[in-house]
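The values are calculated or read from the model by the stated rules, or taken from the named source; none is laboratory data. Predicted, not measured: the structure shown is a model, and the values here were computed from it. Here the Cβ positions follow ideal geometry from the backbone for every residue, glycine too, while neighbour counts run over all protein chains shown.
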Amino acid sequence: MTTTIASDRTDPHPARPRRRREWWIAASLLALTFVPVAAGAARLVDLSSGRTSENARFFDLPVPIVVHILGATTFCVLGAFQFVPSLRRRRPRWHRWSGRVLVPAGLAAAVSGLVMAVSDDLPVHDNAALMWLRLFFGTLMAVGLVLGLAAIRAHDVRAHQRWMARSYAVAQGAGTQALVLGPMMLFVDQPGSDLKAAGMGFAWVLNLAVAEWLVRRSQSGGQSDSRPGQSRRRVW
């Protein structure tokens, strides 16, 4: 009897430590998106303050810029909580309804980014290579969202998770780019166009590699949200 009681007290809730670890994922993603969200908010304040010589080029495309900032902020902040498996399993209705917000927000961010990439004059420290990188990864993000939506409507949970993770990884590129390019500015006042393009491209590829590893590791560990007998459950 004594041994049984001691054992029960040792680990009364074995799932709680795992849930705490899961929430660190969301916290880390929110921390990663802090810099681009703060920069986006500053840009909105700048646009509302009136046209100046410094922000004149942003007034040429005010609608895509505002749509991009609001869409990307919503997608990155709300999307961080989609990476908590216990939350998805315990709150499936919340997961579905938040997805109905995330997909339009992500598409708005991706499409507006593509519009800015081809319509805006290249800044001094940008080049054609960076423009093509933005077009490629922006298209990948939009296609990933469409394929992720199609997968969940076809009740393919694993494909849905992979495509949504890839799109989110692209969207979080700005946060990783700040970490990559920030240290460069300690050694050079402003990275040249080639160095900037290489750093931003590396950040996108790094995010995609990490997302691919994490989602496949989660699925191989049996943490997919699919359950026996639920293959025809309403998912959207």
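Out of curiosity, is residue 109 in contact with a His (Cβ under 6 Å, 6 or more places away or on another chain), among the hydrophobic types (A, V, I, L, M, F, W, C), modelled with pLDDT of 85 or more and within 18 Å of residue 39 (Cβ to Cβ)? Yes: the conditions hold for residue 109. Condition test on residue 75, is it in a helix (DSSP H, G or I) and more than 16 Å from the chain's Cα centre (by Cα)? No, not satisfied.
Taking region 48-64 as the search range and keeping residues that are at pLDDT 80 or above and in contact with a helix residue (DSSP H, G or I) (Cβ under 7 Å, 6 or more places away or on another chain), which one is surrounded by the most Cβ atoms within 10 Å (Cβ to Cβ)? Break it down into steps so the answer makes sense when it comes.
Going through region 48-64, the residues at pLDDT 80 or above turn out to be 62-64.
With the extra rule that they be in contact with a helix residue (DSSP H, G or I) (Cβ under 7 Å, 6 or more places away or on another chain), the set shrinks to 62, 64.
Numbers: 62: 10, 64: 20.
Looking at the filtered set, the residue picked out is 64.
Of all residues in region 74-106, those that are modelled with pLDDT of 95 or more and of a type in the set (Ser, Thr, Tyr) total 1. A Cβ distance below 6 Å, combined with a sequence gap of six or more or placement on separate chains, defines the contacts here; from region 146-173, residues that are farther than 14 Å from residue 218 by Cβ and buried (at least 18 other Cβ atoms within 10 Å of the Cβ) reach residues that are at pLDDT below 95 and among the β-branched types (Val, Ile, Thr) in the pairs 152/235.
With within 19 Å of the chain's Cα centre (by Cα) and at pLDDT below 95 as the only criterion, which of 161, 223, 230, 190 stands out?
After applying the criteria, what remains is 161.
Evaluate region 132-140: report whether one residue or more is crowded, with 20+ Cβ neighbours inside 10 Å, basic (Lys, Arg), out of contact with any Lys or Arg (no Cβ under 7 Å at 6 or more places or on another chain) and modelled with pLDDT of 90 or more. Scanning region 132-140 turns up at least one residue that is crowded, with 20+ Cβ neighbours inside 10 Å, basic (Lys, Arg), out of contact with any Lys or Arg (no Cβ under 7 Å at 6 or more places or on another chain) and modelled with pLDDT of 90 or more. Name the one entry in 37, 103, 67, 84 that is in contact with a helix residue (DSSP H, G or I) (Cβ under 7 Å, 6 or more places away or on another chain), over 26 Å from residue 117 (Cβ atoms) and buried (at least 17 other Cβ atoms within 10 Å of the Cβ). Within the list 37, 103, 67, 84, the selection yields 84.
Kindly provide the set of residues from region 66-101 that are closer than 28 Å to residue 45 by Cβ and touching a residue at least 60 places away in the same chain (Cβ under 8 Å), ordered by number. Let's see the steps before the verdict.
Kept after step one, since they are closer than 28 Å to residue 45 by Cβ, are these residues of region 66-101: 66-81, 98, 101.
If the condition is that a residue be closer than 28 Å to residue 45 by Cβ and touching a residue at least 60 places away in the same chain (Cβ under 8 Å), then 72, 75, 76, 79 are the ones that fit.
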